[in-house]
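Peer 1: Got a structure here, written out as structure tokens. Questions coming.
The values are calculated or read from the model by the stated rules, or taken from the named source; none is laboratory data. Not measured: the values here are computed from a predicted model. A quick note on method: Cβ atoms are made from the backbone with ideal geometry, for glycine too, and the neighbour counts reach across all protein chains shown.
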């Protein structure tokens, strides 16, 4: 979070304090802001909602509890994003299946070019085959980037930026 996010953060904290019927001081807001400074405001706001729904006693959650809720928010977002990418590229649901598919694609590509040199001008493949290979490679590369949290560059995927 940055200093521009203080207002949004303070509103989320005030909302949580009101919902839990506890008092909130400016010093406590500053302490929580410092403790959660490496997080995004949207993540903190969603974590506050989770904590309000799950708190059993009327007290403010500790920063560590909010950090746990933020981790939960990020895991849910990651799982939704991964599922969307799997649907988008029609990839199998399990990682074992994905690994098998990746090995098949690589074996197929290596079989076409056993000497590991680029194809010669005399190599002919149909436009449909080229498009299919390109889409499968893009899907596998995109899944890898999503799985490991690497964002595509504009040169790799202009639609994602």
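Peer 1: Return the only residue of 152, 61 being in contact with a helix residue (DSSP H, G or I) (Cβ under 7 Å, 6 or more places away or on another chain) and modelled with pLDDT of 65 or more.
Peer 2: Just a single option satisfies the conditions, and that option is 61.
Peer 1: Restricting attention to segment 34-44, which residues are surrounded by fewer than 17 Cβ atoms within 10 Å (Cβ to Cβ), in a helix (DSSP H, G or I) and touching a residue at least 24 places away in the same chain (Cβ under 8 Å)? Full working, then the answer.
Peer 2: Narrowing segment 34-44 to residues surrounded by fewer than 17 Cβ atoms within 10 Å (Cβ to Cβ): 34-35, 37-38, 40, 42.
Still in the list and also in a helix (DSSP H, G or I): 34-35, 42.
Residue satisfying the conditions is 35 alone.
Peer 1: Is there a residue in segment 15-33 that is under 17 Å from residue 64 (Cα atoms), part of a loop (DSSP other than H, G, I, E, B) and under 24 Å from the mean Cα position of the chain (by Cα)?
Peer 2: No, segment 15-33 has no match at all.
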